[in-house]
Amino acid sequence: MDKIRRRRDRLEVVYDILKIIRQHHNSIKPTPLLRYSNLSSQSFSEYLSELLEKGFVKEITDEKGKKFLTLTDKGFRYLEKYKLILGFIEEFEL
Amino acid sequence: MDYMLAHHLIDPRLVVELGYTIIVVSLCFMIFFKTREIYDLTAHKGIKYFRITFLFFGLAYFFRFLSLLFILMKITFDIYLPSHIFKIFSMAFVGYFSTMAILSLTYSTIWKKLQIKHPLLLFNAIAILISCIAFISMPHSLLILSQAVLLSFTIIMAAYRYNKSRKTSQLFILYILFFLFWIVNLFILGPKRFLPIEIQIAFQIVSIVVIRVIYHKVTKWTK
């Protein structure tokens, strides 16, 4: 049961992080994102690295050298498909 | 006279088999391709094994048809084919792909309970072993028996799971039917290979309905 819960949470955490970025006009600094995501800094770093590596978010630097996180097309697609993904997993008991 | 009789009896079966194979293989491959995006987005282990199940089943049905084509060519047109070629298709390829499919589908539903470090490696080893034994020892029943054992394992695992959750699953019944029809389909490659055509067609229609229901469930969530 624990493992099911962890896996579901993982998909949900990814959804929450991406949703926070979108809610902030698709541009947010890493520190407020950490705060809004309600994760430990270690977990947040792991999730962020994964999201960057898999191309769900990208880092952009403004003219003042400040770093922002923004969603890629893949990130938007995940948000759009999230409910369908959960439905699919439930339907096929995966 | 014999040739005419064989020709008369075999041709409709070939047409039925061809139609059946095209439908089943298309549905299996469509399930595989339709689930690509949600797998790319999530890298979910259950989705991974679910989708490769249908890739392997599609290939198993394709090679099953090729094996049957060899049998029918031999009977109908008296075309000689070395027995090892037939064995490669019927025992090695069909055995390998169908074993991979059964193991993948079973694992897609129990992976949370049964953590295996390298599942694909293990499944490949089992599938290669089963197809090699079937290839070397030849009795066709050995392949059917090994797949029946795998099917029993699936039923026990699923029954254990559903017994715990105290719910009956329509999906479980669909999977069991899907496997059973596959095993019935394997009989066609055996020595007593031909069921009465009416029974064979009835089985094939029901098996298409089962795969079509699975496909319909997939398309509901992969728009």
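Observations, loosely collected:
- Sequence-ordered 3J(HN,Hα) estimates for the stretch B:27-36 from the Karplus curve with 6.51, -1.76 and 1.60 and θ = phi - 60° stand at 4, 4, 5, 5, 4, 4, 6, 5, 8, 4 Hz, glycine and proline given as x.
- Remark: the Cα gyration tensor places the stretch A:2-91 in the prolate category, a/c being 1.5 or greater and a/b exceeding b/c.
- Counting every other Cβ atom within 10 Å of each residue's Cβ, B:SER26, B:SER131 order from fewest to most as B:SER26, B:SER131.
- Built amide H within the under 5 Å cut-off of A:VAL57, gap 5+: A:LEU52, A:THR72
- Counting other Cβ atoms within 10 Å as a rough exposure proxy, the listed residues B:PHE97, B:PHE54 run B:PHE97, B:PHE54 from fewest neighbours to most.
- C-alpha long axis of helix A:2-23 to longest principal axis of chain A, angle in °: 40
- Residues B:MET91, B:MET73, sorted so that the one with the fewest Cβ neighbours within 10 Å comes first: B:MET73, B:MET91
- Under 15 Å, Cβ to Cβ, from B:LYS217 - net charge with Lys/Arg +1 and Asp/Glu -1: +2
- 13 Å beta-carbon shell around B:TYR20, net charge (K/R +1, D/E -1): +2
Bear in mind these aren't lab numbers, they're just calculated from the coordinates by the rules spelled out. Bear in mind that the values here come from a model prediction, so they are computed numbers and not experimental data. Neighbour counts are summed over all protein chains in view; Cβ atoms, including those assigned to glycine, are modelled from backbone coordinates with ideal geometry.
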